[in-house]
Amino acid sequence: MVSALLEKYRDKKLATKIVSAIQELIPNRHVKFVHVCGSHEQTITRFGLRSLLPDNLEVFSGPGCPVCCTPAAEIDEAIELARQGILITTFGDMFRVPSTKNTLAGTKTDGADVRIVYSVADAVEIACRNPKQEVVHVAIGFETTAPSIAAEVLRGPPENFSLLICHRLIPPAMEFLLASGETNIDGFICPGHVSTVIGSKPYEPLSEDYKVPQVIAGFEPVDVLLGIWILLKQLRDGRHEVEIEYTRSVRPEGNVVAQEKMREVFEVVDKRWRGFPVVPKSAFELRQEFENYDARKKFGVQVKDSVEFAKGCRCGEVLRGVIYPSECPLFGKACTQEHPIGPCAVTSEGACNVAMRHGKF
Amino acid sequence: MCLAIPGKVLKIEGQVAAVDFGGARREVKLDLLRNVHEGDYVLVHAGYAIQVLDEAMAKEILSSWEEVTRGEGGA
C-alpha cells in the first residue's frame, strides 16, 4: 500500500505539470532556495531536478548532513577513546569521515575496536554482552536521531555504556545562515524527518523575524518539486509562512512523545559546527542526572589542536550553502569518493559525495 | 542520516513491534509513539518508529495539489 502511494510521488506526468507551474510562477530575478537535508540533496541530484528548473532558480544544499557538521574535535575525541581501548560504536556514515589526522575506520585498522551499528539499541546490546568492556556510542544526528538516544538512556543502559553526544539542532543553524547574510536565502526547504519529530512550529520564528518562506517537504521528486512550487507561490503572494507538503508524516505539533523524551534527557547548549562558529542553542548535552552516561565526563577525554579542513577544502562553504561542491578546487580531483579529503565527500548524504555519484559537473 | 523507512506493523509485544518492510521483517521499538496498532504503517529511523503514517492525508494532499497545479499556473 505504501509503495503504491509512493509511486504517485514519482509520477513523471505529475512532475512535468508541477515544473510547468514553476515556470509560470518564477519571478524575473535570481531566486535562491536552500534545503538542509542530505536526503533532499540525494533526491534533487539523483533525479536531475535542477536541470528541470528555470535558469534563474537555484537550490543549494545547506548544513543537512550531521556527520559533515560534526566538528573535527568531536571525532578526535572518539578516536582518542578508541585508542585508549574503549569499544566505540557509531553509525556507518561517521566511520570514514576525516578528522584531524585520522578516521574511525583508520583507527580500527590500527587495532582499535570500532563497530558500526544500525541503532543505538544495538550498541547497548553490545555493552550488555560485554559487561567488562567499556562501550561508548558516538551519538551523532539531528532531531530525527536524538529521540532514539533519549529513549535508550531512559531505558537505563548498563554501567559500562556511555555516550559521546554530538547531536545538533537544525532550526538554530538555519537562523545562523539567515542572520549571517552570507547565504542570501529566498526560501527554505525544511527537512522532512527532522520535522516529523519537531513539527512545524520551531520554524515559525524564522519566517516572522526574517520574512523567509519555508516548506517542509518529503523525499520523492514530486515532494521536492511541490515544495519549490509552494515557496514560489509564497514569494509571489508576498507571504512568509511555514507550509507542510510532507503531510503523510509531518504534523504541526510533531511527535510530542519524542520531544518529551528529548527534553527529559538533554539540555540545549551553544556549540560549534564544522564550517560554522559557535551557533547559539544548537546542540544537545546530557542533563546532569544522566551524567553517568556522559563519556566526556566519565573518561575526561581531552583533545587539542584539531583541524577542521585540509588546505584548499571548501566544505565549510558547501555546508553553509554558499557554493556548489563543484566550485571547490579539490572536488573530483584531489578529493574523491575513494580518497575523500573533506567530510562532504565521504557519506552518501554529503553534498560533494552526492554530486560525485549522481551529478553532471 | 535522517533516512526513515515506512513499514507495516505486524505484531506488537510491549514496546517492541515486528515490522514488515516490503518482505523484510525487523524488530522496531515503539518508545517514541503512543497509540500504535497492528496494521498501522509506521516510519522507522535507526530502529525506532518515529511516526504513524497518515495515508488518507497523503492521498488528499496529492489530489489537491494536482487540482491546483492543473488550474491557473499554480494560482
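Worth pointing out:
- Label point distance in nm, residue A:11-residue B:13, each placed 7 Å from Cα along Cα→Cβ: 4.1
- Only beta bridges with both residues in chain A are counted; by DSSP, about 20 percent of them are antiparallel.
- Taking other C-beta atoms within 10 Å as the exposure proxy, A:30, A:137, A:167 rank A:30, A:167, A:137 from fewest upward.
- Within region A:302-361, the trypsin sites (Lys or Arg not before Pro) that combine a DSSP coil assignment with at most 15 other C-beta atoms in a 10 angstrom radius are A:304, A:311, A:333, A:360.
- Counting only DSSP H runs of at least 4 residues, each contributing -39500 (n - 2.57), and dividing by the residue count of chain A, the helix-based mean residue ellipticity at 222 nm comes to -11000 deg cm²/dmol.
- The relative contact order of chain A, computed from alpha carbon pairs under 8 Å that lie at least 6 residues apart in sequence, is 22 percent.
- FRET efficiency, 1/(1 + (r/R0)^6) with R0 41 Å, evaluated for residue A:29 and residue B:21 via beta carbons: 0.35
- Axis angle, to the nearest 10 degrees, between helix A:221-237 and the longest C-alpha principal axis of chain A: 60 degrees.
- Checking every one of the GluC sites (Glu not before Pro) in region A:131-201 against DSSP loop status and a limit of 13 other Cβ atoms within 10 Å picks out A:159, A:182.
- Taking 14 Å as the straight-line reach from the Cα of residue A:17, the aspartates and glutamates in range (excluding those fewer than 8 positions away in the same chain) are A:223, B:66, B:67, B:72.
- In a DSSP loop and with at most 14 other Cβ atoms within 10 Å, there are no GluC sites (Glu not before Pro) in region A:63-105.
- Spacing of the two label points (7 Å from each Cα toward its C-beta) at residue A:281 and residue A:56, in nm: 3.7
- Size of electric dipole in chain A: Cβ of Lys, Arg +1 and of Asp, Glu -1, about Cα centre, debye, nearest 20: 780
Quick note: the coordinates plus some simple rules give every number you see, no bench work behind them. In this text the structure is predicted, and so the values were computed from the model without any measurement. Backbone-built Cβ (ideal geometry, glycine too); neighbour counts: all protein chains shown.
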